[in-house]
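Here the structure is laid out as structure tokens; the discussion comes afterwards.
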Amino acid sequence: MIRRLPQSRDRGIPEATVARLPLYLRALTGMAERGVATVSSEDLALAAGVNSAKLRKDLSHLGSYGTRGVGYDVEYLIYQISRELGLTQDWAVAIVGIGNLGRALANYGGFVSRGFRVAALFDANPEVVGDHIAGLNVEHIDELEAVIERRGVSIVVIATPAAAAQQICDRVIAVGVTSILNFAPTVLSVPEGVDVRKVDLSIELQILAFHEQRKGDRESGGPVMAEELQQGASA
């Protein structure tokens with residue numbers, strides 16, 4: 001049986017808030033590890049990289065308002081956010097595509113502590129099938145549907161080449177998976193009700209390169225953007 005991830009949008013929590021909850025959780029977890037018992041909204045916002053007013057509004061969606069003059073109880077807020085994100089449960093994850101990235105994901109030890117358990121690994125390459133990685137044998141892609149159903153996989157990570165990603169996506173959706181993390185360099189087409197999160201490292205690097213170039217242009221007096229010229233002319 002495939003268990004469903006909680007749909008925070010059905011509870012009236014905005015998607016932008018949901019996207020920030022992991023940032024708060026990461027900051028709070030670090031504080032708990034350092035023995036911090038309570039934290040003000042200002043300090044938590046600073047640690048998470050947001051402004052305090054936005055943080056207070058986000059946490060109000062969870063029914064958490066803190067205590068005036070004291071702040072938020074760190075352990076309880078960790079529990080509240082973890083519960084809202086579904087991290088108090090054990091979510092079975094399958095990784096499809098066991099190349100360098102797939103292997104790195106399979107070996108990542110941080111999943112278990114955050115409520116995610118890698119339950120299956122798949123690949124189409126006969127030289128990879130049968131490899132033993134992080135306590136699991138890599139299974140042939142032909143076994144995808146049967147293994148997903150048998151092991152109750154709720155989330156599928158696609159780390160295949162772009163050409164294979166859509167077919168894999170269609171197959172896992174057909175067997176009942178509605179949560180997909182896509183590392184393949186392509187946009188997946190999915191029906192309503194299926195959630196896809198895309199991770200594209202090359203795009204992130206290109207954005208960083210853009211900012212590096214602009215910093216270099218400013219330092220060297222090189223080309224600037226049109227809006228900067230307009231701002232300078234109107235100054």
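Asp195 contributes an accessible area of around 40 Å² to the protein surface, as traced by a 1.4 Å probe with all chains present. Protection proxy ranking of 19-26, 119-126, by the mean of other Cβ atoms within 10 Å over each peptide's residues and highest first, is 119-126, 19-26. Here the Karplus curve 6.51 cos²θ - 1.76 cosθ + 1.60, taken at θ = phi - 60°, turns the phi angles of the stretch 174-182 into couplings of 4, 8, x, 6, 10, 10, 10, 10, 10 Hz, with x standing for Gly and Pro. Exposure check, 1.4 Å probe, all protein chains in place: Arg114 carries approximately 120 Å² of accessible surface. Taking amide H positions as modeled 1.01 Å from N, with prolines and chain starts lacking one, no residue 5 or more places away or on another chain lies under 5 Å from Leu188. Treating the chain as a set of equal point scatterers at the Cα positions, no solvent, please give the Debye-formula log₁₀ I(q)/I(0) at q = 0.08 Å⁻¹. Per q value, in the given order, log10 I(q)/I(0) is -0.42.
Computed with a 1.4 Å probe over protein heavy atoms only, the accessible surface of the chain comes to 58 Å² per residue.
About its Cα centre, the dipole of the chain is roughly 740 debye, where the only charges are +1 on Lys and Arg Cβ and -1 on Asp and Glu Cβ. I'd like the distance separating the alpha-carbon centroids of the stretch 70-108 and the stretch 158-190, in whole Å. Their Cα centres are 20 Å away from one another.
Most simply put, the chain has about 20% antiparallel DSSP beta bridges, counting only bridges with both residues inside it. Where only DSSP H runs of four or more residues are counted, the chain gives -14000 deg cm²/dmol as its mean residue ellipticity at 222 nm, each run worth -39500 (n - 2.57).
Counting only DSSP beta bridges whose two residues both lie in the stretch 41-154, roughly 25 percent are antiparallel. Toward the positive end of the charge dipole of the stretch 68-173, with +1 on the Cβ of Lys and Arg and -1 on the Cβ of Asp and Glu, the farthest Cα among Ser154, Ala134, Gln89 is that of Gln89. Rounded to the nearest Hz, the phi-derived 3J(HN,Hα) couplings of the stretch 191-205 under the Karplus curve 6.51 cos²θ - 1.76 cosθ + 1.60 (θ = phi - 60°) are x, 4, x, 9, 9, 10, 10, 9, 10, 10, 5, 5, 5, 4, 5, where x marks glycine and proline.
Rolling a 1.4 Å probe over the protein chains gives Lys198 an accessible area of about 90 Å². Could you please state how large a percent of the accessible area of the chain is carbon and sulfur, counting protein chains only and using a 1.4 Å probe? Of all accessible area on the chain, carbon and sulfur atoms account for 54 percent.
The values are calculated or read from the model by the stated rules, or taken from the named source; none is laboratory data. Predicted, not measured: the structure shown is a model, and the values here were computed from it. Note that each Cβ is placed from the backbone with ideal geometry, even for glycine, and that neighbours are counted across all protein chains shown. Ligands, DNA and RNA are stripped out before the accessible areas are found, and what is left, the full protein with its side chains, is counted by its heavy atoms. Shrake-Rupley method; radii C 1.70, N 1.55, O 1.52, S 1.80 Å.
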